[in-house]
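Heads up: the structure comes next, in structure tokens.
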Amino acid sequence: MKTILTGIRVNSEPTLGNFLGALLPMTRLANKYSKQGDIVNIFIPDLHTIISDVDGDITEGVIREIKYYLAAGLEPNENIHIYRQSYVPAHSELNWILNCVATMGETSRMIQYKEKSEGKDSCNVAIFDYPILMAADILLYDATYVPVGEDQFQHLELTRNLAERFNNKYGEVFVLPAKTADQAKFMETANAETAESEHVDADGRAVGIRIRDLQDPTKKMSKSSKAENSKIMMSDNPEAVAKKIMSAQTDSLGKISFDMFNQPGISNLLQIEALITGQPLQTVIGTWAGETHYGDLKKKVAESVSTFLGEFQAKVAEISDEEVLRLLEAGEKYANEVAGKKLLEVQKAVGLRK
Ligand code: AMP
Ligand code: TRP
């Protein structure tokens, strides 16, 4: 039995990229592993959320996020625990204790911190402390596998280092999460059943799926993009989807083939079509081989995405807030028990409790 844990911030509404790249694969992993007896914790890092600007109401964002998991097919059972970080005070307390173990040097080397702080006159302390709270999120639950995007791998390495240093100083309290290479292999077990593992980057390396910006397909589709036409939101209506996909940037090569380097726009559309319709990428590539009219492909992808989003939105509308709150309350009861026990062990180890 192992513990799998992940969290997604709720700063703004998820894009189709967040859905296909994070929510859907996590849902598949959660269903698969919880059914074979593993523990799966899906939590909302709301304390990480307030570090940067939040679009709209956080509570509503949390409820929307969980409805999205359920509409994506998450099948709640006794091994799946859904909770909000701020409802489990042990996270903040362990954050402080780990602050006493972490060094300025290692934390300053985090790429995310450097990117978010560089060139700014001032940035909040929490941006610096972000990965230490993330380490607390993970270590409180003895999590081995932490499915996250590659940009978070450095934080997982830091988590391992902090756990190891703590254990050396105070005794064996923490379980070390798996090394990043093993984390990557684990994540592939979600992808193996879908088209995603066939996704390759511009250099031909297999990577987790990355949906591209519709206006600039060399970049990933991002929530924070200002250009409305560059991203598809999960709440978009069919007209919006059609407008955005029909205006997607392509190229002038006049052939429909999968080539992320020379034809990122067309490749992105083929990738979206495969994931949305649940077909292997190679099948979709085969279907379009020899075709030359980009407009036909765009029309088909727009139809597939509209149909999919229509059905998805109908499922979301059927889920009541009460159902979500019931799941959260049960999850938070469980999380407070497990995390509280671990925190007490930590407090005893450092000498704060007898
Ligand atoms: P973020 O939007 O950066 O907070 O990312 C939340 C999650 O969604 C992370 O696991 C990302 O790796 C994933 N994600 C974000 N954008 C994309 C994208 N365009 N394609 C695939 N996955 C994405
Ligand atoms: N930092 C993660 C992200 O930006 C979110 C997060 C916070 C998280 N705490 C976590 C993910 C613990 C996994 C485990 O995507």
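The values are calculated or read from the model by the stated rules, or taken from the named source; none is laboratory data. Since the structure is predicted, the reported quantities are computational estimates derived from the model, not experimental observations. A quick note on method: Cβ atoms are made from the backbone with ideal geometry, for glycine too, and the neighbour counts reach across all protein chains shown. With ligands, DNA and RNA removed, areas are computed over all heavy atoms of the protein, side chains included. Shrake-Rupley method; radii C 1.70, N 1.55, O 1.52, S 1.80 Å.
In table form, for the structure just shown:
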item	result
Search result, residues across segment 115-134 that are more than 16 Å from ligand 1 (Cβ to nearest atom) and surrounded by 10 or more Cβ atoms within 10 Å (Cβ to Cβ)	SER117, CYS123, ASN124, PHE128, ASP129, ILE132
Count - residues of segment 1-48 that are outside any helix (DSSP H, G or I), closer than 21 Å to VAL175 by Cβ and either within 12 Å of ligand 1 (Cβ to nearest atom) or charged (D, E, K, R) (or both)	5
Candidate set from segment 82-93 (those that are under 23 Å from THR27 (Cα atoms) and among the polar types (S, T, N, Q)); member that is surrounded by the fewest Cβ atoms within 10 Å (Cβ to Cβ)	SER86
Some residue of segment 179-189 being in contact with a helix residue (DSSP H, G or I) (Cβ under 8 Å, 6 or more places away or on another chain) and at pLDDT 95 or above	yes
Verdict on LYS255 being part of a helix (DSSP H, G or I) and touching a residue at least 12 places away in the same chain (Cβ under 8 Å)	no
Subset tally (residues that are in contact with a Phe, Trp or Tyr (Cβ under 9 Å, 6 or more places away or on another chain) and within 26 Å of ALA240 (Cα to Cα)) for segment 289-339	5
Residue tally, condition more than 16 Å from ligand 1 (Cβ to nearest atom) and touching a residue at least 40 places away in the same chain (Cβ under 8 Å), over segment 153-162	3
Options SER197, SER230, SER235; residue that is touching a Ser or Thr at 6+ places or on another chain (Cβ under 9 Å), over 30 Å from MET104 (Cα atoms) and either away from ligand 2 (no atom under 16 Å from the Cβ) or at pLDDT 90 or above (or both)	SER230
Unmet criterion (only one of (1) away from ligand 1 (no atom under 13 Å from the Cβ); (2) within 17 Å of the chain's Cα centre (by Cα); (3) more than 26 Å from GLY278 (Cα to Cα); (4) of a type in the set (Gly, Ala, Ser)) for GLY73	(3)
Pairs where the first residue, in segment 129-152, is under 20 Å from GLY340 (Cα atoms) and the second is aromatic (Phe, Trp, Tyr) and more than 8 Å from ligand 2 (Cβ to nearest atom), C-beta under 8 Å, 6+ apart	LEU139/PHE174; ASP142/PHE174
Single unsatisfied condition, ASN18 versus (1) open to solvent by 20 Å² or more (accessible area, probe 1.4 Å); (2) among the polar types (S, T, N, Q); (3) more than 12 Å from ligand 2 (Cβ to nearest atom); (4) in contact (Cβ under 8 Å) with a residue 60 or more places away in the chain	(3)
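Results for (1) hydrophobic (A, V, I, L, M, F, W, C); (2) within 15 Å of ligand 1 (Cβ to nearest atom); (3) crowded, with 18+ Cβ neighbours inside 10 Å; (4) over 24 Å from ALA71 (Cα atoms), shown as yes or no for each residue.
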position: ILE232; (1), (2), (3), (4): yes, yes, yes, no
position: VAL241; (1), (2), (3), (4): yes, no, yes, no
position: LYS244; (1), (2), (3), (4): no, yes, yes, no
position: SER247; (1), (2), (3), (4): no, no, no, yes
position: SER257; (1), (2), (3), (4): no, no, no, yes
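The rows are residues; the columns are (1) closer than 16 Å to MET134 by Cβ; (2) modelled with pLDDT under 95; (3) open to solvent by less than 30 Å² (accessible area, probe 1.4 Å); (4) touching a strand residue (DSSP E or B) at 6+ places or on another chain (Cβ under 8 Å).
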{"site": "PRO25", "(1), (2), (3), (4)": "no, yes, yes, no"}
{"site": "SER34", "(1), (2), (3), (4)": "no, no, yes, yes"}
{"site": "ILE44", "(1), (2), (3), (4)": "yes, no, yes, yes"}
{"site": "LEU47", "(1), (2), (3), (4)": "yes, no, no, no"}
{"site": "ILE50", "(1), (2), (3), (4)": "yes, no, no, no"}
{"site": "ILE58", "(1), (2), (3), (4)": "no, no, no, no"}
{"site": "ILE80", "(1), (2), (3), (4)": "no, no, yes, yes"}
{"site": "GLU106", "(1), (2), (3), (4)": "yes, no, yes, no"}
